[in-house]
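A.B. asks: Structure provided below as structure tokens; questions to follow.
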Amino acid sequence: MSTLTAPALPQIYSFGHPLDMAEDKIGLLRDSADAADDVEELRRRFAADGYLYMKGYLDRDEVLAARATLTDGLAAAGVLDPAHPTIDGVCKPGAGYVFKPELTNNNPAVQNLLYSGRLPEFYRKFYGEEIRHYDFTWLRAIGPGKGTNPHCDLPYMGRGTHGHMTCWLPYGDISFELGGLMVLEGSHRRMDLLENYVYRDVDSYCANKPDQVQNATTGAKGFGWTFSGTLSHNPPVLRNKFGGRWLTTEFQPGDFITFGMFLVHASLDNRTENRLRISSDARYQRASEPIDDRWIGVNPPGHTTAGKKGRIC
Ligand SMILES: O=C(O)CCC(=O)C(=O)O
Ligand SMILES: [Fe+2]
């Protein structure tokens with residue numbers, strides 16, 4: 001457990017809400033780097049906490065080299081303010097949420113970091129068998145403004161196994177102000193509160209409801225979702241309902257945090273003036289288990305109309 005206590009934390013904001021900074025409502029992620037070579041202990045902690053935060057597990061220089069390829073790509077896409085060094089990731093005003101998975105395709109620095117070497121080896125050991133990863137990588141460069149609202153990942157990727165894991169990885173220092181990931185302590189054990197939410201699939205629609213068919217097949221409203229997968233728009237209220245603490249930290253290059261499909265998580269708001277928060281999230285699972293085909297292949301269907309599934313409801 002961390003020795004830092006809540007009073008050491010500055011005021012934290014998520015989805016536009018100031019979080020309650022009382023010691024029983026917010027805290028720091030538990031660093032499991034000390035147990036990196038003890039897979040039994042890692043499994044115990046994962047079962048208990050629903051996540052593993054591996055501080056400094058990856059090679060810092062390799063992560064920073066990957067960052068450079070991403071900021072180069074963002075500069076080429078016209079997102080960055082050319083008055084600042086590209087590597088700083090300073091965005092033009094109004095950059096908002098830059099979601100650019102294509103920056104990771106044909107990008108050997110990112111592909112090697114995520115899918116060969118230490119990271120897949122971690123999952124191979126953790127699962128104790130051969131693993132595979134989704135071909136799709138979520139690359140997020142988030143400008144000043146709101147972070148991601150609270151959700152579980154299963155509604156977006158639950159058509160195969162439910163035993164896969166998300167790996168969230170920062171490309172650079174992510175201060176509280178820049179806003180990294182936070183998880184809701186113990187939420188993975190609150191199936192009483194999750195069961196009516198977590199098994200719904202964002203890409204399924206009622207084939208017998210014309211408005212849903214119209215939306216799903218034309219993508220009329222955004223991704224054509226009837227259900228967005230969001231659990232709440234209000235992190236402090238959600239915490240009061242679940243009862244755990246929101247847990248976060250200041251991330252550094254070389255860190256990653258991994259968690260399962262039932263853990264509620266969100267991210268802090270980016271309260272900087274003009275800097276992008278750059279991170280990726282990738283998914284790993286046992287090779288022997290079924291995989292969600294929305295995220296497999298050279299051009300995965302994802303949440304497009306090709307990924308929609310109608311059912312009678
Ligand atoms: O980076 C974020 O803001 C959200 C990340 C997330 O939801 C995930 O990694 O599953
Ligand atoms: Fe997520």
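A.B. asks: Which residues, counting only those in the stretch 126-180, are within 16 Å of ligand 2 (Cβ to nearest atom), over 17 Å from Pro290 (Cα atoms), outside any strand (DSSP E or B) and of a type outside the set (Gly, Ala, Ser)?
C.D. replies: Listed by number, the residues that qualify are Thr137, Lys146, Thr148, Asn149, Pro150, Cys152.
A.B. asks: From the list Ser267, Ser204, Ser232, exactly one residue is away from ligand 2 (no atom under 16 Å from the Cβ), of a type in the set (Ser, Thr, Tyr) and buried (at least 16 other Cβ atoms within 10 Å of the Cβ). Which is it?
C.D. replies: One residue alone meets the criteria, Ser204.
A.B. asks: Has the stretch 44-57 got any residue that is touching a residue at least 24 places away in the same chain (Cβ under 8 Å) and more than 20 Å from the chain's Cα centre (by Cα)?
C.D. replies: No, the stretch 44-57 contains no residue that is touching a residue at least 24 places away in the same chain (Cβ under 8 Å) and more than 20 Å from the chain's Cα centre (by Cα).
A.B. asks: Any residue in the stretch 255-266 that's more than 12 Å from Trp168 (Cβ to Cβ): show its pairings with residues that are within 9 Å of ligand 2 (Cβ to nearest atom) and outside any strand (DSSP E or B) at Cβ separation under 6 Å, as long as the two are six or more apart or on different chains.
C.D. replies: Note: pairs meeting the criteria are Met261/Asp153; Phe262/Cys152; Val264/Cys152.
A.B. asks: Kindly evaluate Phe242 against the criterion of being closer than 25 Å to Ala36 by Cα and either of a type in the set (Phe, Trp, Tyr) or away from ligand 2 (no atom under 16 Å from the Cβ) (or both).
C.D. replies: no
A.B. asks: Within the stretch 298-312, can one find any residue that is crowded, with 18+ Cβ neighbours inside 10 Å, within 16 Å of ligand 2 (Cβ to nearest atom) and of a type in the set (Lys, Arg)?
C.D. replies: no
A.B. asks: Return the only residue of Ala66, Ala48 being in a helix (DSSP H, G or I), at pLDDT 95 or above and either crowded, with 19+ Cβ neighbours inside 10 Å or in contact with a Ser or Thr (Cβ under 6 Å, 6 or more places away or on another chain) (or both).
C.D. replies: From the options Ala66, Ala48, the qualifying one is Ala66.
A.B. asks: Does Gly243 satisfy the criteria of being in contact (Cβ under 8 Å) with a residue 40 or more places away in the chain, on the phi > 0 side of the Ramachandran plot and buried (at least 16 other Cβ atoms within 10 Å of the Cβ)?
C.D. replies: No; evaluated as a whole, the condition is false for this residue.
A.B. asks: List pairs: first residue in the stretch 285-313 and aromatic (Phe, Trp, Tyr), second residue outside any strand (DSSP E or B) anywhere in the structure, Cβ distance under 6 angstrom, at least six positions apart or on different chains.
C.D. replies: Here the result reads Trp295/Tyr134; Trp295/Phe136, each pair linking the stretch 285-313 to a residue that is outside any strand (DSSP E or B).
A.B. asks: Taking the criterion of being charged (D, E, K, R), closer than 30 Å to Asp72 by Cα, modelled with pLDDT of 95 or more and outside any loop (DSSP other than H, G, I, E, B), would at least one residue in the stretch 279-300 satisfy it?
C.D. replies: Yes, some residue in the stretch 279-300 is charged (D, E, K, R), closer than 30 Å to Asp72 by Cα, modelled with pLDDT of 95 or more and outside any loop (DSSP other than H, G, I, E, B).
A.B. asks: Right, something else. Can you pull out the residues in the stretch 202-232 that are in a loop (DSSP other than H, G, I, E, B) and in contact with a strand residue (DSSP E or B) (Cβ under 9 Å, 6 or more places away or on another chain)?
C.D. replies: Asp203, Ala207, Asn208, Gly224, Trp225, Thr226, Phe227, Ser228, Gly229, Thr230, Leu231, Ser232
The values are calculated or read from the model by the stated rules, or taken from the named source; none is laboratory data. Because the structure is predicted, anything quoted here is derived from the model rather than measured. Counting neighbours? That spans all protein chains shown, and the Cβs are built from the backbone with ideal geometry, glycine included.
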